[in-house]
Each structure stands twice: as C-alpha cells, then as structure tokens.
Amino acid sequence: MLEIKNLVKRYGHSEPVLKGLDLKVEGNSVVSIVGASGAGKSTMLRCINRLVEPTSGSITLNGVELVHLKGAELRLARRKIGMVFQGFNLLDRLTVMENVLAGRLGYVNLFQAISRRYPQEDIDRAFHLMERVGIAHYANKRADELSGGERQRVGVVRALMQEPDVLLADEPTASLDPRTSEQIMVLLQSLASELSLPVLINIHNVAQAKTYTERIVGLRHGKMIFDGEPAAFNKDALDEIYGGIEAPDGDITAEPAASETTHDAH
Amino acid sequence: MVDHAEQLADRVWQRFDRKERLIRYAVLLATLMLVVWALSDIDIFWPWVWDAPNQISGLAARMWPPSPAGFANIVSALLETVHIATLATFLTIFLALPVAYIAAQNTTPNRACLWLGRFILVSSRSVNTIIWALLFVAIFGPGVLAGILAIVFRSIGFIGKLMGEAIEEIDRRPVEAMEATGASKAKVIAYAIVPQVMPAFFAIVILRWDINIRESTVLGLVGAGGIGVILQGAIDTFAWPTVATILLAIIVLVLIGEALTSVLRRKVL
C-alpha cells in the first residue's frame with residue numbers, strides 16, 4: 001500500500017509545485033494522474049522514489065517511510081519501486097537483455113553487475129517477462145535499434161525485473177504514436193492485475209485514462225481537485241483540471257478503439 | 001507604382017555605419033602598431049637572415065647523401081620512442097580517468113573535488129612536455145623513465161579534460177533510470193555513464209597516442225630517451241649525413257603512426 005500525506009515540494013523560494021497532496025493507493029489498482037503541464041504530476045511521482053527531494057510531508061510504502069531515507073536504505077527502498085519513463089531512458093548502446101537485467105542492479109553485487117554474471121533465476125525471469133511482452137527475440141539486439149513501442153516494453157520489463165511493490169509510469173505513452181500508446185496502456189493494465197501490483201500513471205490523454213484505469217486523480221497547481229472513478233470524470237471535472245482550456249483530446253466522451261488493441265498484448 | 005520604384009532605386013545601403021568603420025580602422029591600426037613594435041623590439045641580426053639561403057644549401061650539401069651507417073641503432077631508438085609513447089599513454093589512462101570523473105560538473109562529488117580536478121588538468125596542460133622532461137631528468141636522471149613520466153604528466157591534462165567534457169555531455173536520463181532501480185553509485189557509472197563515453201574514450205586515447213609518438217621524438221634532446229638522444233649526438237658531432245637519416249626516419253615513423261591511428265579511429269567511430 002502506498003500512502004502519501006500532506007506532500008509539499010518547493011523548488012528554491014518560488015511557489016510550491018505540490019501544496020499538500022494526500023493519496024492512498026491499495027491493492028492492484030491502476031490509478032491515472034491527469035493535469036495540465038506544470039500541475040505537479042511528474043514531481044509527485046518522482047518524490048515517491050526520491051528522484052526529486054520532497055520538501056515536507058510523508059510517503060509510506062507498505063509501512064516504510066520513504067521521505068527521510070538515506071544511502072543504502074534509500075537504495076533498498078528504491079528497488080521495490082519500479083519506474084517507467086516518458087523517454088524510455090534506456091541504455092542505448094547496451095543490448096535489450098542488459099537493459100532488462102539492469103532492473104536487478106539493486107540486488108546483485110558490483111562484480112556480478114560489471115561482468116554480467118547475473119543469477120540464473122534473474123535471466124529466467126528476464127526471458128519470461130520479455131516473452132510476456134513480446135520482445136524476447138530482441139534479447140541480443142542493441143536497445144537503440146528498436147522502435148518506440150518496443151523500447152517502452154523494454155522499459156516496462158526493466159521496471160518489473162525489480163519485483164516492485166508499486167509501479168510508477170511518468171507519461172509512458174507521450175512519446176509514442178496513438179496506436180502504440182494504446183498497446184502500452186493495455187499492457188500496463190493487464191500486468192497490474194497479473195502481478196497484483198498497484199500502478200500510478202501520469203498521463204495527458206484523458207480518453208486513455210478513462211479507458212484503461214480504474215481511478216483518476218486530477219491535479220491542478222499542485223493540489224488534488226479530483227479523485228474518483230472514470231465514470232465520475234465528466235466535462236465539469238475536465239474543465240476544472242485544465243482550467244477551461246480546450247481539452248487536449250477534444251471530446252472526452254470519445255472512447256479509443258480499445259477492442260482491437262486489447263488482443264495484441266495477450 | 002513608378003514613383004515607388006524610383007524611391008527604391010534611390011536607397012543607399014552601407015554594410016557598416018560611420019562608428020563601426022572608425023572602430024574597424026582603429027583595430028587595424030592597433031594591430032599594425034603591435035607588429036611594428038614587436039619587430040623593432042626583438043633583436044634580429046639581419047645579416048644572418050640574408051645569409052640563410054647560403055647556409056641552407058651548405059647544410060643540405062653536407063647532409064646529402066643520408067648515411068646508412070648505424071641504421072640498426074636508429075631503428076631500435078625509434079622503437080624505444082614508440083614504446084615510450086605507448087607505455088605513457090597506457091599509464092595516463094589510469095591517472096586521467098579519476099581526474100576526469102572529479103573534474104566533470106555532473107559527476108564530481110563536491111566543489112572542492114571539482115576545483116582540485118580542474119587545477120590538476122590546467123597545471124598538467126600549461127607545462128610543456130619538454131619542461132616536464134627537464135624536471136624528471138633532474139629528478140630521476142637521464143633515461144627512458146624520465147621521458148615516460150614527462151609524457152604521462154602532459155597527457156593527463158589532455159585526456160582528462162576531453163574525457164571530462166565527454167562525461168559532461170552524456171544523456172542524464174539513463175542515469176536517472178539506473179538510480180531509480182536502487183543501483184549504487186558504482187553501478188550507475190558502470191551501466192549509465194561508461195557505455196555513453198566509450199566511443200569518445202577510444203577516439204581520445206588513440207589521438208593522444210599519435211601525439212605522444214611525435215612528442216617522444218624530441219624528448220631525447222633533453223636526455224629523456226628515444227630517438228632524440230642519437231639525433232642530439234649526431235648534431236653535436238657534426239655527423240650531418242646521420243642527422244639526415246634520423247630526420248627521414250622520424251618523418252616515416254610519424255606518417256606510419258598517422259595512418260595507423262586514422263584506421264583505428266575509423267574502426268572505433
């Protein structure tokens with residue numbers, strides 16, 4: 001269970017980016033976080049695994065307080081938090097397998113890491129997961145030879161290799177074409193239930209958020225102004241979150257063509 | 001319409017206005033004055049300058065034909081020169097990489113390390129190899145060791161600075177991703193930084209090896225080993241045909257080094 005209490009983040013002396021957020025995520029629910037650019041979505045996610053230092057507040061994962069961890073304790077906590085990035089953040093010059101195994105860096109020792117002597121069960125798990133998302137045949141290809149959607153699958157598998165207790169996805173589909181981004185959303189949704197893993201997804205695409213997640217959290221200017229089921233996320237909520245700005249996807253009632261893409265991931 | 005066309009034809013265009021032109025003339029004048037001052041201030045004994053063509057033809061006549069005597073000596077001295085360059089480059093790698101690491105803005109542990117790293121790089125680069133060689137000949141006595149250390153100390157600045165810049169130019173996002181997996185600092189370096197700077201590393205080391213071969217040919221002039229030692233000896237004994245052979249041998253060596261490194265560099269990049 002992930003619980004955020006009164007989270008505040010301020011860069012320097014400017015106005016806080018996050019102004020006292022509270023959020024509780026339990027079980028294997030998929031939560032999408034929507035909001036305009038600069039609303040604090042990315043900052044919130046990065047506060048959880050401390051890529052960004054929170055100014056104050058509390059974040060607990062399965063009872064462990066994350067905000068004040070240092071050094072080795074922080075690394076131990078981080079390996080239980082998987083993260084998927086907008087730009088994939090792969091090690092381009094290394095192979096797909098090396099990228100995937102990098103998810104185990106928190107578990108193996110330095111010698112194993114440098115000499116690539118990972119335990120056999122890690123390698124088995126890597127092949128299993130790569131098989132699951134359909135990239136196993138790329139194991140020995142360089143990561144930069146793959147297409148965008150395939151690269152993001154590598155990113156997802158790398159995060160899952162950590163055997164995480166929670167998965168964070170920061171705009172995982174924003175660099176992908178519409179069809180590929182649907183596939184990645186389907187993948188995240190189904191993996192969450194298969195591995196009974198809570199997933200937090202920052203997303204711009206409101207239509208996708210409504211289709212693939214079971215709970216929507218709306219941020220505006222660092223405050224949570226919506227928290228509820230996709231069905232409750234109506235035009236008013238959208239206007240409130242984007243401040244009457246034209247919604248990024250036009251008509252929010254338009255559902256993406258989910259039916260055909262659902263099959264690809266299975 | 002006709003009026004309009006006439007108006008356009010009357011327009012005057014100048015690249016520089018009056019003030020800009022004045023500045024340009026002033027800069028030109030200042031440069032000329034600097035040159036005149038420098039020429040009048042240094043002591044050039046002009047009769048020797050006018051005599052130079054005679055001296056050149058005289059020297060060429062004494063050098064020709066290059067003497068094949070002692071060719072085996074020259075070859076082994078050349079090999080020694082290459083060995084100095086290779087060993088020095090190899091040793092430099094181990095000393096320069098830690099310095100590059102602390103001298104790069106994005107990897108340095110703290111500000112004190114950053115300035116220490118930059119100080120090492122600047123002091124290494126601001127002292128010429130020959131000066132380093134003079135220093136080490138004074139410490140270790142004449143010989144190959146002084147030559148190797150001289151080249152090492154000059155190369156640390158070169159490889160360290162360029163590698164530091166390569167580290168500063170890496171994509172930060174993979175670093176962030178590795179930190180997010182719970183990897184330690186050393187593992188983040190091994191996975192996210194090292195692969196990104198590998199191509200630059202090989203290119204820089206090969207380039208420096210090439211430069212070091214050239215630099216080690218002159219080390220012997222101050223007694224620090226290599227081909228320069230026998231070149232100095234030949235000049236001191238007025239053995240001009242031997243001098244000619246040595247100079248030709250150096251040119252051939254540098255050309256071979258140049259060809260070899262350009263092939264290697266193409267393989268790496």
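Numbers for the structure displayed
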item: Separation between Cα centres of region A:117-154 and region B:22-96, rounded to whole Å; result: 58 Å
item: Coarse-grained scattering of region A:85-163 at q = 0.16, 0.18, 0.24, 0.26 Å⁻¹, given as base-10 log I(q)/I(0) from a Debye sum over alpha-carbon atoms; result: -0.50, -0.64, -1.14, -1.32
item: Share of pairwise Cα separations in region B:203-256, more than 13 Å, in percent; result: 60 percent
item: Per principal axis, descending, Cα span of the protein assembly as shown in whole Å; result: 100, 86, 44
item: Full-stretch length increase - A:LEU69, A:SER196 - with 0.36 nm per residue and alpha-carbon distance subtracted; result: 43.1 nm
item: Normalised contact order of region B:192-269, rounded percent, pairs of Cα under 8 Å and 6 or more residues apart; result: 34 percent
item: GNM result for chain A, Cα springs below 10 Å: residue of A:LYS141, A:LYS80, A:LYS19 fluctuating most strongly; result: A:LYS141
item: Size of charge dipole - chain B - debye, nearest 20, with Cβ of Lys, Arg +1 and Asp, Glu -1, no other charges; result: 580 debye
item: Which of B:PHE16, A:PHE233 has the fewest Cβ neighbours within 10 Å, and the rest in rising order; result: B:PHE16, A:PHE233
item: Label point 7 Å beyond Cα of B:ASN54 along Cβ direction - residues of region B:229-256 with amide nitrogen under 16 Å; result: none
item: Full-extension gain in nm, A:ARG142 to A:ASP177, via 0.36 nm per residue minus C-alpha separation; result: 10.4 nm
item: Theoretical FRET efficiency, 1/(1+(r/R0)^6), r = Cβ-Cβ of B:VAL35 and A:ARG93, R0 56 Å, to 0.05; result: 0.65
item: Over chain A: helical MRE at 222 nm, DSSP H runs n ≥ 4 each giving -39500 (n - 2.57), nearest 500; result: -10000 deg cm²/dmol
item: Residues of region B:237-269 with amide N under 16 Å of the 7 Å Cα→Cβ point at B:SER67; result: B:237-249
item: Chain A, relative contact order [Cα under 8 Å, separation at least 6], %; result: 26 percent
item: For chain B, built as a Gaussian network whose Cα springs stay under 10 Å, the top-fluctuating residue of B:VAL27, B:VAL188, B:VAL144; result: B:VAL27
item: Chymotrypsin sites (Phe, Trp or Tyr not before Pro) restricted to DSSP loop in region B:166-269 with at most 16 other C-beta within 10 Å; result: B:PHE238
item: Listed pairs A:LYS24/B:LYS187; A:LYS24/A:LYS210; A:LYS80/A:LYS141 exceeding 30 Å between Cα atoms; result: A:LYS24/B:LYS187
item: Residue exposure sequence - A:PHE226, B:PHE71 - by fewest surrounding Cβ within 10 Å; result: B:PHE71, A:PHE226
item: Principal axis dimensions, largest first and in whole angstrom, of chain B by Cα; result: 86, 69, 37
item: Under the span-like rule (Cα at least 30 Å along the axis, Kyte-Doolittle mean at least 0.0), DSSP H helices of chain B; result: B:18-41, B:71-103, B:144-168, B:194-219, B:240-268
item: Spatial separation of Cα centroids for region B:221-261 and region A:173-224, in angstrom; result: 70 Å
item: Model label zone, A:ASN6; criterion: amide N under 17 Å from point 7 Å along Cα-to-beta-carbon; scope region A:32-65; result: A:54-60, A:65
item: Exposure proxy order (Cβ contacts within 10 Å, fewest to most) of B:PHE90, A:PHE88; result: B:PHE90, A:PHE88
item: Rounded to 5, the percent of DSSP beta bridges in the protein assembly as shown classed as antiparallel; result: 55 percent
item: Theoretical ellipticity at 222 nm over chain B - DSSP helices of four or more residues, -39500 (n - 2.57) apiece, nearest 500; result: -27000 deg cm²/dmol
item: Chain A: most fluctuating residue of A:SER32, A:SER115, A:SER175 per GNM, C-alpha cutoff 10 Å; result: A:SER115
item: For chain A: Kirkwood Rh in Å [reciprocal of mean 1/r, alpha carbons]; result: 19.0 Å
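Each value in this text was obtained by applying a stated rule to the coordinates, not by laboratory testing. Remember, predicted model here, so these are calculated numbers, not experimental data. Cβ coordinates were reconstructed from backbone atoms using ideal geometry, including for glycine residues, and neighbour counts include every protein chain displayed.
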